[in-house]
Amino acid sequence: MPLCTSRQLVPTKELLQKALKGKYALGAYNVNNMELLQAIVEAGNELKAPLILQVSAGARKYANQTYLIKLVEAALDSSDIPIALHLDHGEDFEICKACIDGGFSSVMIDGSKHPFEENIALVKQVVDYAHPRNVSVEAELGRLAGVEDNISVSEKDAIYTNPAEAKEFIDRTGVDSLAIAIGTSHGAYKFKGEAKLDFERLAEIQKAVGDDFPLVLHGASSVPEELVKICNDNGAEIKGSKGVPEEMFSKATQLGVAKINVDTDLRLAFTGGIRKVMKESPSEFDPRKYLGPARAAVKEIVKHKIKVFGTDGKA
Ligand code: TD4
Ligand code: CA
Ligand code: ZN
């Protein structure tokens, strides 16, 4: 369905192909409400950065898909950067179809919990529906590990993405990008000890799929100590959190990662912003007085991400 605005959403395929060539990555930022969306789009606008806005099944349930699409239309009308609207972790064909029919320019079909052949069949079904409608498709192969401390080599082989399988998967599905498992995980507690990603495997995956195919890194928040501290100083209890060190992103980008998913860091910034006002001004009860600072904090972290990922000036 075309959107009610003169500016159209861009498929992620175009943005990611360009990023691969330029050896930078696009952040994909999760949107759940108006303030988060405004923060992300203002950051992209100020730094002239293309953006991927992503919506999870949970976000659709919380905010209602139509509200989110209308908000994104407003974002298109008030910006001049390329914007993609992407479904994050679609679990079946129906949710992907609903998003494609609703006007999304990109969907993820996450069949990673299924056996290889079933994952392929599911992805192929979504690709066959999406491509004639100019919608890009991301799939996932391998499982994002939990907080495991010492994953053995054989365990890694079982859960991390296998390079030869990745190549076969891409060839047989015609998918546009692939989320891979190399040691990241969702949320604020990614590593028990030292942060470690399997870059050797990433290099093998890139060798197998070719350097013109975009890879996607999920669970890529950095969980900055400063943001956790603002939360904890204002009443939160977030202990033992650890994210992906920022130095790792340029290495990942050199090895074919063109999309980097960020949700947790936005949540931390937003929550810290709200908590601070709540603690410092207990008599305040105007939602704008705490949502405004929370939105400003998210904008700051997104601007920082854009610079770290090298997306600034690429619009
Ligand atoms: O795919 N994502 C975002 C996951 C969002 C989940 O949303 P719901 O709670 O609505 O299901 C990521 O890869 C983000 O990784 P991060 O490191 O930021 O947690
Ligand atoms: Ca998955
Ligand atoms: Zn994810």
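When each of LYS239, LYS192 is tested for being more than 16 Å from ligand 2 (Cβ to nearest atom), without any contact (Cβ under 8 Å) to a residue 24 or more places away in the chain and either at negative phi or in contact with a strand residue (DSSP E or B) (Cβ under 9 Å, 6 or more places away or on another chain) (or both), the lone residue that passes is LYS239. Once the stretch 215-233 is narrowed to residues that are within 12 Å of the chain's Cα centre (by Cα) and under 13 Å from PRO245 (Cα atoms), the residue that is nearest to ligand 3 (Cβ to nearest atom) is GLY219. Only one of the listed residues (THR271, THR311) is assigned to a loop (DSSP other than H, G, I, E, B) and buried (at least 17 other Cβ atoms within 10 Å of the Cβ). That residue is THR311. For the stretch 85-135, what are the residues that are part of a helix (DSSP H, G or I) and β-branched (Val, Ile, Thr)? Matches in the stretch 85-135: ILE95, ILE100, ILE120, VAL123, VAL126, VAL127.
With at pLDDT below 95 and over 20 Å from PHE249 (Cα atoms) as the only criterion, which of LEU71, LEU3, LEU76 stands out?
Step by step, each of LEU71, LEU3, LEU76 is checked, and only LEU3 is at pLDDT below 95 and over 20 Å from PHE249 (Cα atoms).
Checking each residue in the stretch 31-53 for being outside any helix (DSSP H, G or I) and crowded, with 24+ Cβ neighbours inside 10 Å picks out VAL31, ALA49, LEU51, ILE52, LEU53.
Select from the stretch 137-173 the residues that are away from ligand 3 (no atom under 16 Å from the Cβ) and of a type in the set (Val, Ile, Thr) and list them in ascending order. The answer is ILE151, VAL153, ILE170, THR173. Within the set VAL153, VAL147, the sole residue that is touching a residue at least 40 places away in the same chain (Cβ under 8 Å) and either within 16 Å of ligand 1 (Cβ to nearest atom) or farther than 17 Å from HIS186 by Cα (or both) turns out to be VAL147. With respect to (1) within 16 Å of ligand 1 (Cβ to nearest atom); (2) assigned to a loop (DSSP other than H, G, I, E, B), the lone exception for GLU140 is condition (2). Return a yes/no flag: does the stretch 54-72 have any residue that is touching a Pro at 6+ places or on another chain (Cβ under 8 Å) and either over 21 Å from THR5 (Cα atoms) or not in a strand (DSSP E or B) (or both). The answer is no; no qualifying residue exists. Here ASP176, ASP212 are screened, and the one residue that is more than 16 Å from ligand 3 (Cβ to nearest atom), more than 27 Å from THR271 (Cβ to Cβ), in contact with a Ser or Thr (Cβ under 9 Å, 6 or more places away or on another chain) and among the acidic types (Asp, Glu) is ASP176. Entry remark, the stretch 86-102: residues being away from ligand 3 (no atom under 16 Å from the Cβ) and crowded, with 20+ Cβ neighbours inside 10 Å number 1 in total. Contact annotation: residue pairs with Cβ atoms under 6 Å, 6 or more positions apart or on different chains, pairing a residue in the stretch 214-234 that is of a type in the set (Val, Ile, Thr) with a partner that is in a helix (DSSP H, G or I), are ILE230/GLY272.
Within the stretch 112-125, residues that are modelled with pLDDT of 95 or more reach partners that are basic (Lys, Arg) and assigned to a helix (DSSP H, G or I) with beta carbons closer than 8 Å, at six or more positions or on different chains, in the pairs ILE120/ARG172; LYS124/ARG172. Across the stretch 156-171, which residue is nearest to ligand 1 (Cβ to nearest atom) among those that are within 16 Å of PRO115 (Cβ to Cβ) and touching a strand residue (DSSP E or B) at 6+ places or on another chain (Cβ under 7 Å)? Here the residue is THR161.
The values are calculated or read from the model by the stated rules, or taken from the named source; none is laboratory data. This is a predicted model, so every value here is computed, not measured. When we count neighbours, we look across all protein chains shown, and the Cβ atoms used for this are built from the backbone with ideal geometry, even at glycine.
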